[in-house]
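The values are calculated or read from the model by the stated rules, or taken from the named source; none is laboratory data. All figures in this text were calculated on a predicted structure; none of them were measured in a lab. No Cβ is skipped: glycine too gets one built from the backbone with ideal geometry, and neighbour counts run over all protein chains shown.
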Amino acid sequence: MKQYGFDRLSRDLLILSVACGAIAACTFFTWAGPILSAVAAVLALAVLLRAVSDKKERRQDELLGYERVTEAVKGFFSRLFGHRNGSATREAGYKYFKCPACGQQMRAPKGRGRIRVTCSGCGNVFERNV
């Protein structure tokens, strides 16, 4: 009998379980404490049952569904905060600098070494290390 093991969904469920347990310990004598303790126990039990399960296909389907949901949530927040079409990762490949004569901002691809730049604003030619 081959066990499924520990995957990303199990890891995230365990983190959520520990967080619920910690909050429950801080608020145990209020109405939320026992509820959070029960939620933490159920989540920990789910992690354990997923890890020892021999139904590999079902666990992979659950993981795939979880990854779809997390990608949708990530996409929502990236659109909400303006990171459209991976623009943040595209911009990471450039070095930004200003023309020493007129102050116009320019960019050049990182990793090119020392390059000669001609400013489109004033026509000044200078060298820059990128």
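Some points to look at:
- In this entry, Leu49 passes the filter for residues that are out of contact with any Asp or Glu (no Cβ under 9 Å at 6 or more places or on another chain) and surrounded by 11 or more Cβ atoms within 10 Å (Cβ to Cβ).
- Answer residue from the stretch 1-30, given it is among the polar types (S, T, N, Q) and surrounded by 13 or more Cβ atoms within 10 Å (Cβ to Cβ) and is farthest from Gln60 (Cα to Cα) among those: Thr27
- Qualifying residues in the stretch 31-41 (those that are among the hydrophobic types (A, V, I, L, M, F, W, C) and surrounded by 12 or more Cβ atoms within 10 Å (Cβ to Cβ)) - the one modelled with the lowest pLDDT: Ala32
- Close pairs from the stretch 45-63: first free of Cβ contacts under 8 Å to residues at least 24 places away in the same chain, partner acidic (Asp, Glu) and in a helix (DSSP H, G or I), Cβ under 6 Å, at least 6 apart: none
- Of all the criteria given as (1) surrounded by 15 or more Cβ atoms within 10 Å (Cβ to Cβ); (2) over 15 Å from Leu9 (Cβ atoms), the one not satisfied by Phe81 is (1).
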